[in-house]
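Have a look at the structure below before the remarks.
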């Protein structure tokens with residue numbers, strides 16, 4: 001069974017630039033999550049999708065972050081414009097309903 | 001506000017030692033509990049899932065227990081190996097939402 005795929009693995013941008021991350025969940029998993037993990041901290045949930053609908057985006061900084069999952073499969077997370085404090089690892093996870101979450105390898109973002 | 005406290009924050013042990021990692025939660029009404037490990041520069045790997053009807057779960061050298069009344073969970077690792085070196089996380093679960101603490105950074109020395 002293929003795992004959660006994410007790209008790119010690494011990204012370096014300057015502040016005020018835009019960036020987008022892509023996630024392909026495990027086949028058949030209706031629930032998709034995006035997490036932000038700042039160095040030395042645990043992951044923090046940014047947004048949760050159930051199919052193509054948003055279940056929880058209470059911790060998403062909506063003035064600069066957006067996410068979509070148009071066909072209920074792949075998802076993209078965008079930051080526009082980026083700030084220095086957005087430097088982190090962005091993790092995507094998926095699950096079948098509310099069971100075990102499976103995480104991708106993450107995208108490491110550095111904002112200069 | 002949900003918070004997770006993991007003790008100790010860091011642990012360094014010689015190979016072969018048995019060890020215990022601890023988690024405590026602010027919300028004792030825990031539905032289920034999932035322990036993860038995270039290797040440097042990588043995503044999270046699920047180790048054990050304790051369902052709401054269970055009190056413990058075992059996988060190989062790992063045993064996790066959950067005491068809902070006190071809001072605490074323990075991960076026991078038997079006969080530790082250098083390959084067990086990683087950060088261990090036990091997020092608090094509310095529905096499908098996971099709230100993570102900072103984890104326990106484990107180093108097992110050969």
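The values are calculated or read from the model by the stated rules, or taken from the named source; none is laboratory data. None of these values were measured; they are calculated from a predicted model. Ideal geometry is used to build each Cβ from the backbone, glycine not excepted, and the neighbour counts take in all protein chains shown.
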Any residue in the stretch B:42-59 that's within 12 Å of another protein chain (Cβ to nearest Cβ): show its pairings with residues that are surrounded by fewer than 16 Cβ atoms within 10 Å (Cβ to Cβ) and assigned to a strand (DSSP E or B) at Cβ separation under 6 Å, as long as the two are six or more apart or on different chains. B:48/B:59
Flagged in the stretch A:13-43 as exposed (fewer than 12 other Cβ atoms within 10 Å of the Cβ) and either over 16 Å from residue A:85 (Cβ atoms) or modelled with pLDDT of 95 or more (or both), in numbering order, are A:14, A:16, A:18, A:27, A:28
Output the residues belonging to the stretch B:81-108 that are over 15 Å from the mean Cα position of the chain (by Cα) and more than 17 Å from residue B:32 (Cβ to Cβ). B:81, B:82, B:83, B:108
Output yes when any residue across the stretch B:86-107 is within 18 Å of residue B:17 (Cβ to Cβ), more than 10 Å from chain A (Cβ to nearest Cβ), touching a residue at least 24 places away in the same chain (Cβ under 8 Å) and surrounded by fewer than 17 Cβ atoms within 10 Å (Cβ to Cβ), and no when none is. yes
Determine, yes or no, whether residue A:92 is under 10 Å from the mean Cα position of the chain (by Cα), closer than 18 Å to residue B:98 by Cα and buried (at least 17 other Cβ atoms within 10 Å of the Cβ). yes
Here are some residues: A:80, A:59, A:48. Which one is over 16 Å from residue B:95 (Cβ atoms) and either within 14 Å of chain B (Cβ to nearest Cβ) or modelled with pLDDT of 95 or more (or both)? A:80
Are any residues in the stretch B:66-85 closer than 18 Å to residue B:45 by Cα and surrounded by fewer than 16 Cβ atoms within 10 Å (Cβ to Cβ), and if so, which ones? B:76, B:81, B:82, B:83
Just checking, how many residues over the stretch A:85-100 are part of a loop (DSSP other than H, G, I, E, B) and facing chain B (nearest Cβ under 7 Å)? 2
